[in-house]
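A.B. asks: Below you'll find the structure I mean.
The values are calculated or read from the model by the stated rules, or taken from the named source; none is laboratory data. Being a predicted model, the structure only gives us computed values, none of them experimental. Positions of Cβ are backbone-derived with ideal geometry, glycine not excepted, and every protein chain shown enters the neighbour counts. Side chains included, ligands, DNA and RNA excluded: accessible areas come from the protein's heavy atoms. Shrake-Rupley method; radii C 1.70, N 1.55, O 1.52, S 1.80 Å.
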Amino acid sequence: MSQPSQQDEIMAEQAGLPAAGIEPILEAKGLSQGQIVRKRFLGHSGAIIGLVVFAIIFVTAFTSVGYWGIPGWWKYSHDQVTPLVNDGVPTASLWPLAWGDHPFGQDRIGRDLFAMTMRGAQQSITVMVVIGFIAGLVGVVVGALSGYFRGWTEAVLMRLTDVIIIIPGLLLAAVMAQMAGRRDSGSWFATFASTNGILALGIFLGLITWVGLARLMRGEFLSLREREFVDAARISGASNARIIFKHILPNAVGVLIVNVTLTMSAAILTETALSYLGVGVKAPDTSLGLLISQNQEAFATRPWLFWFPGLFIVLICLSINFIGDGLRDAFDPRQKKFNAKKAKDTGGRHIEATPVTAFDGTKGG
């Protein structure tokens, strides 16, 4: 970053900041909202690490064993049986550095664990994305409408939310899975679910996991609708849709992103739990939860069959949480890092950080 000019120092002095603490002025000067968001996200080390880890897992999972009929670069498929090599022990090692034919090992019948783990990661990521999109979309719409319009709209939508909250999600998912397993029933749901099991599971779970986000968004909209910039937008003749999506929603995006990322992480664990209980993904297909369930008895004798799927579940969940934390800090206009070193002047006096005003939605990204 270039050295502050004399004009910048004058601006800092007028704002009550020392010369060493004028970075917020330099960051905001001449930058659009999109550039500020990008700058904040790239400055979040945890989010960058999570993004890199998730990108590696995503690319490896969807290119190694293929997806939707597109062949992958790995020589084995998740259901291919081959002769056992070294009694199924992983062939990968750090010293000497080696990869081998079966880096994650093999199960008892000779299936390659690397291929099965990559297939399971595909399933988990698919469920995560579908649930995050559907739950985020429905939760934002319901929460925004109920919080902004109030009255009978709020009463109807919140009562619907209360009804869905009291129904156990795992119970509904188990019932859905059982219905999907009845391929001879002839219903459209059974036909769709039997041929698109993981997609049907993601859609169903997305339609019952939006309630938490809807209540949080309602609370944000109840607070933000009374702010001055919303009154100014009403006076200027802005429509309700413009006020909701251009003025209020950008100021609630921090709550939205954090909740969606938590929902996506919980989605992986939900799919794992359902597969572990035998009502999620079923053979011959596989998932990370199903791999753990099938190999739990071999934990003492073949621990690699348990550890590798569990490791990928942990890595995916942690990376998504770190990415969400970085996006929250980047998008939320009320988030501002406080640098004690730069806010401390030569006399040892500390300057408190000035709160950042809310986005009014009038400046483009």
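A.B. asks: Please list, by residue number, every one of the trypsin sites (Lys or Arg not before Pro) in the stretch 243-331 that is coil in DSSP and has at most 16 other beta-carbon atoms within 10 Å.
C.D. replies: Filter output for the stretch 243-331: K282.
A.B. asks: Roll a 1.4 Å probe over the protein chains and send me the accessible area per residue for the stretch 63-143 in Å².
C.D. replies: Numbers: 3930 Å² over 81 residues.
So the stretch 63-143 comes to 48 Å² accessible per residue, rounded to a whole number.
A.B. asks: How about the stretch 74-155: which chymotrypsin sites (Phe, Trp or Tyr not before Pro) there are in a DSSP loop, with at most 13 other Cβ atoms within 10 Å of their Cβ?
C.D. replies: Qualifying residues, ordered by number: W99.
A.B. asks: Around G219, under 12 Å between beta carbons, what's the net of Lys plus Arg minus Asp minus Glu among the other residues?
C.D. replies: Within the 12 Å Cβ shell, the charges total +1.
A.B. asks: Length gain on complete extension for the stretch I235 to Q80, per 0.36 nm per residue less the alpha carbon to alpha carbon distance?
C.D. replies: 49.1 nm is the gain from fully extending I235 to Q80.
A.B. asks: Could you compute the FRET efficiency for Q296 and V141, with r as their C-beta to C-beta distance and R0 at 45 Å, rounded to 0.05?
C.D. replies: 0.65
A.B. asks: Let me ask something else about it. Give me the net charge for the shell around Q106: Cβ to Cβ below 14 angstrom, other residues only, Lys and Arg +1, Asp and Glu -1.
C.D. replies: Local net charge: -1.
A.B. asks: Might you tell me the accessible area per residue for the stretch 197-242, computed with a 1.4 Å probe and given in Å²?
C.D. replies: 49 Å²
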